[in-house]
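This report refers to the structure that appears directly beneath it.
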Amino acid sequence: MKFSILLVSALPLLGAVVRAGPVETAIVAAMKLSDEPNYSWVTEVDDDARSYEISGRTAVGGYSRITMPAPPSLRPRMNREVRDPLDAIFSDNVNCVVRTDGGWKHPGDLPLPPPDDSDFDSLPNASMPAGMGLGGMGRIPVIPAPRPRPPERGEDRGYSNQQLSINPPHLELGVIVSSHDDLKVDGDTVTGTLTEYGAALLLVHDGDKKIVPRQASGTFTLWIRDGIVTRYQVKLAGVISAPTEYGRKNVEGHQTMNTSVKDIGTTEVDGPDDPLAWANRRLE
C-alpha cells in the first residue's frame with residue numbers, strides 16, 4: 001500500500017530527533033501516534049456539498065470501528081436493514097463490513113435498488129382481471145401514468161467527496177510528514193503545504209478504484225500537546241474524475257478536515273468475533 005511505503009520512507013526522519021531542532025521535533029510528534037496501540041478520533045469535514053462528521057476507534061495495525069454518514073456511493077443500496085449513520089468496521093482503508101439488522105455485511109452484499117418503474121411493475125400483467133372495470137368488458141390494459149421527472153439540478157452544484165473508505169489519523173499524519181513541500185514551526189503549532197502526490201493521497205483514499213485524482217494541492221496545520229500531535233487541520237483542493245448522476249466527469253472539489261485525537265492508548269476497539277473474515281474474503 002502507498003501509505004505503508006510513505007511510513008517506511010519517514011522512518012529515517014525519526015533519527016533526526018538527535019539534532020533536537022524544532023522541525024525534527026515536530027516530525028517526531030506527528031509520527032508518535034503510529035507507535036501507540038490505539039486511539040479514538042473525530043473528523044469534521046466541510047466540502048462543496050455539505051458538512052458531516054466521522055468518528056472512529058482505531059487499533060494501530062488492526063481494524064477501525066467507524067461511525068459515518070452513508071456516502072453517496074452506498075445510498076443506492078440502502079434499505080431498511082441498514083442504518084444511517086453507518087456503523088462500519090474497516091480492516092484497512094477500503095475493505096469493510098457494515099452493521100445491518102441482519103448482521104454484519106459487506107457493502108457488495110447489500111441488495112441493488114429496484115428499477116425506476118417498480119411502482120407499476122408490481123401490478124400483475126399490467127392489466128385488470130376479467131369481469132372488472134368498465135362493466136366487466138374483459139381484460140383492459142392498465143396504462144400507467146408517466147412517472148414525474150425529478151426537478152432539474154444544475155451540473156455545477158457542489159460535489160461531495162465523501163468515500164466509503166477511511167484514512168485513520170496515524171496514516172494521514174504519515175502522509176503529511178512524508179510529503180510536504182515546506183514545514184514551519186511556531187511554538188506548538190506546525191504549518192506547511194503538501195506535495196501534489198501527498199494531497200492526492202488525502203483527497204482520494206488509497207485503494208479507492210472508483211475515483212481518480214487529476215490535480216491536487218493542500219495545506220495543513222498541526223497542534224502539538226505533550227510531545228504528540230492531538231489535533232490537526234487539512235485543507236485540500238483538486239480535480240477528480242468521478243462517477244456522478246450525469247456520468248463520469250472531472251469535477252472540482254474542495255474540503256476542509258478538522259481532526260481531534262483522544263484516549264490514546266486506552267481506547268477499546270470492539271466488534272464481532274471475526275469481522276476481518278467478511279472484509280478479507282473480497283481480497284481472495
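Laid out as a table, the results:
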{"read-out": "If the convex hull is drawn through the Cα atoms of the range 21-83, its volume per residue in Å³", "value": "136"}
{"read-out": "Positive-end extreme of charge dipole, the range 22-106 - chosen from 88, 63, 103 (charges on Cβ)", "value": "103"}
{"read-out": "Under 5 Å, built H, 5+ apart or other chain: amide partners of residue 254", "value": "48"}
{"read-out": "Cβ-placed point charges (K, R +1; D, E -1), dipole of the range 167-274 about Cα centre in debye, nearest 20", "value": "560"}
{"read-out": "Rh (Kirkwood; distinct C-alpha pairs) - the range 181-266, Å", "value": "14.4"}
{"read-out": "Area of residue 50 that stays accessible when all protein chains are in place (1.4 Å probe, Å², to 10)", "value": "70"}
{"read-out": "Within-14-Å neighbourhood charge of residue 237 [Cβ basis; K, R +1; D, E -1]", "value": "-3"}
{"read-out": "Efficiency of FRET from Cβ geometry, residue 246 and residue 83, R₀ 35 Å, rounded to 0.05", "value": "0.75"}
{"read-out": "Gain on full stretching of the segment that runs from residue 210 to residue 266 - 0.36 nm per residue minus C-alpha separation", "value": "16.6 nm"}
{"read-out": "The range 48-78 versus the range 171-240: alpha-carbon centroid distance in Å", "value": "19"}
{"read-out": "Residue 228 accessible area, assembled protein chains, probe 1.4 Å, Å²", "value": "20"}
{"read-out": "Length gained when the stretch residue 48-residue 233 is fully extended (0.36 nm per residue, less Cα-Cα span)", "value": "64.9 nm"}
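The values are calculated or read from the model by the stated rules, or taken from the named source; none is laboratory data. Here the structure is a predicted model, which is why all the values come from computation and not from measurement. With ideal geometry, Cβ positions are generated from the backbone for all residues, glycine too; neighbour counts draw on all protein chains shown. Each accessible area value is taken on the protein alone, full model and side chains, heavy atoms only, with ligands, DNA and RNA left out. Shrake-Rupley method; radii C 1.70, N 1.55, O 1.52, S 1.80 Å.
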